[in-house]
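Colleague: Have a look at the structure that comes next, please.
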Amino acid sequence: MSGLHVKSFAFRFRCACGALTLAAAFLLATALPLAAQSPDGQIWEHDAASRVQAVAVSGDGMLVAVGSRDNSLSLFDASGELLWRFEAENSILGVDISPDGQWLAVASEDRFVYLLDGENNVLWKYKAGRPMNNAAVARDGSLVAATSDDLSVYVFDQEGSLLWQEELGIGVRAVDIYGSGEKTRVVLGSDDGLITIYNREGRNLLQAWLDYSVRTVSVTPNGARILAGTTDGSAVLLNGANGKEIWRFEAEDSVNSVSLAGDGSSALVGSEDGSAYLLDSDGLLTHQFRLESEVLSVGLSVDGSRLSVGTVSGATRSYDRAATLSGAARSSAQRQRTLIAAVGVIALLVLAAVWAARNTAAGQQVWQRSAAGPLGVMQTMWNARLSYLLILPTLALLLTFNYYPAFSGLYHAFTEWSPGVRTEWVGLANFQSLMENRFFLSGFRNAAILVVVSIAKTMTMPLLVAEFIFNLRNRFSQYWFRTLFVVPIVLPAVVEILVWNNIYDPAIGLLNESLKLVGLEELTRVWYGDASVALGSIIFIGVPWVNAFALLIFYGGLISISNEIIDASLVDGASTWRRFWSIDLPLLMGQVKLLLILNFINAVQTFELVFLTTGGGPGASTYTPALELYYKAMRMDRMGIASAIGMILFFIILAGTIINMRFVSSSTEYEA
């Protein structure tokens, strides 16, 4: 068979293989991720301007009370329509609603606990010495219990009269109530891991100890089951009669909120890891809701049919339990069918390749030609086996500590990943979550500003100082000025940042004190705490911005310029300024090219500067994508989303590098 026919056959075969491969890849990359995205069953969603700190659901799930950091308590109906809004004088930290929706107990940072009726009327309020952090109300409104930052629990009757108060001497915010009338009971969880049941008169009826601080509790209407959430990430179901543990569920991070169905048949657990876990009566996971930020509060109706979730980002979401579980089942079946189809396509591809290579002359020729290259490489490596053996340790270290983490990050960007615990493929869900994360998106604006400023700093002051030193006539002066500007390079960047933190200190900082000294006291401010100047304050750090590394790069470029060129410019009568523009700058384009890409990479990955100064605040005014990566990985244990952020930054840096290599030409390229 002619070479032309062989090439034609190879081309057609490769096209067919490519089509099959693309089909398999498409099935895996689209159908699977779509099946793992946001679950079915969401009824409505409300996005507030500030974090949702408390959520409570009525017995039939038709009413949802939402307390926010913006001082408001909002009551929504089953479709998400706002019925009314109550305004406190400070953040709402706790809320509870009676099963019939007629009573709402509200704890606020303004130090008040309020009892409202279903029409938004304040029936009474009580003021403590410190902020009230949580509240609970009996099903008939006959008893209200509230916990406070003064380490006490307060219990009131329906008229707002204080029945009793107990000073616990330790932090407490976990409280719930069950029963009615004279048989009403208060369940309390404290930071020492103690769960206590009190009767209406304040007498201790039962105590149970857990291993970690109790952050939240929920109890069934008859008190038979008590669900407690702890700081170690455990949700523990206890027998309300004897305090014995029935089951335990481990979340990925601290548990912020729990809620039990009336018969204990289901439970909802909200965690700092950004998930809400729906559990069955045995504590087994039936569904996991992945949200864009930390889950602060959850609520479950008495019959378990409706559930609501509130997050740090200000989102409140309400779900139908039956629709959610059926949607999850459909998604699981779809993933299985898609995986089977993809495996079948790949198997057909392999079989077609084997058949063509063994049963057709053209296929055999293509196989021989394709194998010649790899076999030749293997032969060359075998001939130089001693050399390859000597560099094997270096290659092993590079693969282990450089390449493996990089490729691991690329893969895990498409997964929900807890190292050593689980890795679940979620497709594009992590990227979708980032596109809805206002901190991440606003961080790009700040990163763009930092990139421009960083490049401007590097291309101005270091270059001017390098020119200044280069044009000094006295070699002795050149040496000492060069040394003087380079010595600070031995100082760690962290030390410089900490020094500037002291300069910006609002109470005793040098900047504010200097302004007061010259009569400009009206200009003093909390430099890191004012959103209008926080980013500018960070940018100003290091003035006059003579980067020692950039200075050395530019100075090295200047001293490499041929003396003949400089002498010729002097003979032609060129001024220093003319020589800078016509000789120095064009011949320094190689150094400019290097510093451009290095500063671009460094600015895109800006982390330590913001982390050690503002931590990204106030609000998101100084946030950067690299800081969000750190918070997701280290504080929230969201390794999959952190990997997705790393992947995005990788492609941004890759694009910037390609643009720099393509459009910034060095002097050597001019000569070519």
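The values are calculated or read from the model by the stated rules, or taken from the named source; none is laboratory data. All values reported here derive from a predicted model rather than from experimental measurement. Glycine gets a Cβ as well: all are built from the backbone with ideal geometry, and neighbour counts include every protein chain shown. To get the accessible areas, we keep the full protein, side chains included, count just its heavy atoms, and leave off ligands, DNA and RNA. Shrake-Rupley method; radii C 1.70, N 1.55, O 1.52, S 1.80 Å.
Colleague: Considering the dipole of the chain built from charges on the beta carbon (Lys and Arg +1, Asp and Glu -1) around the Cα centre, which of SER301, GLY80, TRP581 is farthest to its positive end?
Modeller: Working it through, the farthest residue towards the positive pole turns out to be TRP581.
Colleague: Can you give me the P(r) profile for the range 419-464? Cα pairs, bins 10 angstrom wide beginning at 0, each as a whole percent.
Modeller: Final binned percentages: 21, 26, 24, 18, 10, 1.
Colleague: Something else now. Of the options ALA655, THR606, PRO625, report the single residue whose Cα projects farthest towards the positive end of the charge dipole of the range 579-672 (beta-carbon charges: Lys, Arg +1; Asp, Glu -1).
Modeller: PRO625
Colleague: What aspartates and glutamates does LYS183 reach when the alpha-carbon gap must be under 16 Å and sequence neighbours fewer than 8 apart in one chain are set aside?
Modeller: The reachable aspartates and glutamates, counting only those whose Cα sits under 16 Å from LYS183, are ASP140, ASP157, GLU201.
Colleague: Sticking with this one: Treating only the Cβ atoms of Lys and Arg (+1) and Asp and Glu (-1) as charged, compute the dipole magnitude of the chain about its Cα centre; round to the nearest 20 debye.
Modeller: 3220
Colleague: Can you match percent of Cα pairs over 44 Å apart to one of these, (i) 40; (ii) 37; (iii) 44, based on a calculation from the structure here?
Modeller: (iii)
Colleague: Rolling a 1.4 angstrom probe over the protein heavy atoms, how many square angstrom per residue are accessible across the range 558-661? Each step should come with its number before you reach the end.
Modeller: Numbers: 4820 Å² over 104 residues.
In whole numbers, the range 558-661 has 46 Å² accessible per residue.
Colleague: Which percent of the accessible area of the chain is formed by carbon and sulfur heavy atoms (probe 1.4 angstrom)?
Modeller: 61
Colleague: Using the Cα centre of the range 37-184 as the reference point, and only Cβ charges (+1 on K/R, -1 on D/E), how large is the resulting charge dipole? Debye, rounded to the nearest 20.
Modeller: Dipole of the range 37-184, to the nearest 20 debye: 360 debye.
Colleague: Once every DSSP H run of n ≥ 4 in the chain is given -39500 (n - 2.57) and the sum is divided by its residues, what mean residue ellipticity at 222 nm do you get, rounded to the nearest 500 deg cm²/dmol?
Modeller: Value at 222 nm, helices only, nearest 500: -13000 deg cm²/dmol.
Colleague: With the convex hull built on the Cα atoms of the range 421-536, state its orientation-averaged projected area in nm².
Modeller: Over every viewing direction, the Cα hull of the range 421-536 projects on average to 13.6 nm².
Colleague: Could you size up the charge dipole of the range 384-460 around its Cα centre, putting +1 on the beta carbon of Lys and Arg and -1 on that of Asp and Glu, and report it in debye to the nearest 20? All intermediate terms of the calculation are to be shown ahead of the outcome.
Modeller: On the way: 5 positive and 3 negative charges, 55 e Å.
That gives a dipole near 260 debye.
Colleague: Taking LYS593 as the anchor, which aspartates and glutamates have their alpha carbon closer than 20 Å to its alpha carbon, excluding any fewer than eight residues away along the same chain?
Modeller: By straight Cα distance, LYS593 reaches GLU467, ASP584, GLU669, GLU671.
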